[in-house]
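Here is the structure we will look at.
The values are calculated or read from the model by the stated rules, or taken from the named source; none is laboratory data. From a predicted model like this one, the values you see are computed outputs, not experimental measurements. No Cβ is skipped: glycine too gets one built from the backbone with ideal geometry, and neighbour counts run over all protein chains shown. When the accessible area is computed, the model is the full protein with side chains, heavy atoms only, and any ligands, DNA or RNA have been set aside. Shrake-Rupley method; radii C 1.70, N 1.55, O 1.52, S 1.80 Å.
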Amino acid sequence: MTKSPRIPDIARVADVSTATVDRVLNQRPGVRAATVQRVLRAAVELGYVASEADVAGPSVSPPPPMRLSFLLPAGHNRFIRMLGDMVGYSQEQWAPFNVRCRIEFIASFDAHELAAALRRHGKRSDGIAVMALEHPAVREAVAELAERGVPVITLISDLSNSPRAAYIGLDNRAAGRTAGYLIGRFIGARSAKVALIAGSLSYRAHEEREAGFLHVVDEMFPQLSVVGLREGHDDAEQNYRQTRALLDQHPELGGIYNIGGASDGVARALKEAGRDQKVVFIGHGLTPDTRALLIDGSMDAVITQSPHTTLMNCVRIFTNLRDGRESSSGVENTRSQVIFRENLP
């Protein structure tokens, strides 16, 4: 800066009002400890004071870190596993936010176990991010936590009619429409049968993807016939068996949309049947295995989102709520990406 910093400059850097800055610098009560620290750091950064001690004195200590829990389904969905791994090895990135993150993998598709985990973590966490199952038991647990002042963010899959603080994930209906559009364009004008494999329709995300897919096929591709939906529970072996059954029942199958994870099981069945270069195959989540399937041509496209941005958005929302800011301040919109072999990042 070319001129001496003033209170409005500190307010701008700390993202607070000038009145808040004035209260902090004059050591008046009524400001959260985390906000006090942010204002003092901005004052030091701008050179308004030489150190925080010049204003706050030795009695001001940093607030304890915010305790955040991430509850994700256990299983073979590699994108979810990758998301969970990032929670653990990205701790240094969370340091500026003064949070401590932990991860627990919950038995997949078990709503009562997920509800119990929400209540368990609610006793020792300041915020919980969860991939929610659409079930009354889960909805009730989230409502209880909200009443106790523990904010819950839903990840990847939302929870209807619940007091969750925010949802971070794709517009899943649009994602399903994208998959249907891609399959329709890849197959072209010929008549063909297409099939869907979901992890579980207990996830609102999977239900919405199915609905979006069916709508766009009905609207734009009357030559395509959808032969039904099967559930593979994001398990490679189950997806393999489901795909083999589809190929046996419909030898001229033209396309498959894997709504959930474990696309390697679908690809293995296609390869064994010699159909991997003939059946249009669209899936979700860019991971090392789907990357390899794109390269060898057994998958045609992957619809994905950034796991790092997903986690960063969670942390930002929780800290915004803690510090009294607008919850969406600094939060990026979740953007879907369609990855082909030719544009692999």
Problem - Residue that is most open to solvent (accessible area, probe 1.4 Å) [pool: residues in the range 19-42 that are small (Gly, Ala, Ser) and touching a helix residue (DSSP H, G or I) at 6+ places or on another chain (Cβ under 7 Å)] - result: Gly30
Practice task
Output the number of residues of the range 295-338 satisfying the condition of being within 21 Å of Ala165 (Cβ to Cβ), open to solvent by less than 40 Å² (accessible area, probe 1.4 Å), not in a loop (DSSP other than H, G, I, E, B) and not β-branched (Val, Ile, Thr).
Solution key: 8
Practice task
Hey, could you check the range 56-106 for residues that are among the small types (Gly, Ala, Ser) and touching a Ser or Thr at 6+ places or on another chain (Cβ under 6 Å) and say which is modelled with the highest pLDDT?
Solution key: Ser69
Problem - Residue selected from the range 71-96 under the condition open to solvent by 40 Å² or more (accessible area, probe 1.4 Å) and in contact (Cβ under 8 Å) with a residue 60 or more places away in the chain, by the criterion farthest from Ser157 (Cα to Cα) - result: Gln93
Problem - Hits in the range 268-286 - residues which are in a loop (DSSP other than H, G, I, E, B) and crowded, with 22+ Cβ neighbours inside 10 Å - result: Val279, Gly285, Leu286
Completion exercise
Exactly one of Ala111, Ala129, Ala137, Ala117 is buried (at least 22 other Cβ atoms within 10 Å of the Cβ), touching a residue at least 24 places away in the same chain (Cβ under 8 Å), under 28 Å from His76 (Cα atoms) and not basic (Lys, Arg), and that residue is Ala129
Fill in the blank from the handout: The helices (runs of 4 or more DSSP H) lying entirely within the range 160-267 that contain at least 2 residues which are without any contact (Cβ under 8 Å) to a residue 24 or more places away in the chain and open to solvent by 20 Å² or more (accessible area, probe 1.4 Å) are 204-220, 236-249
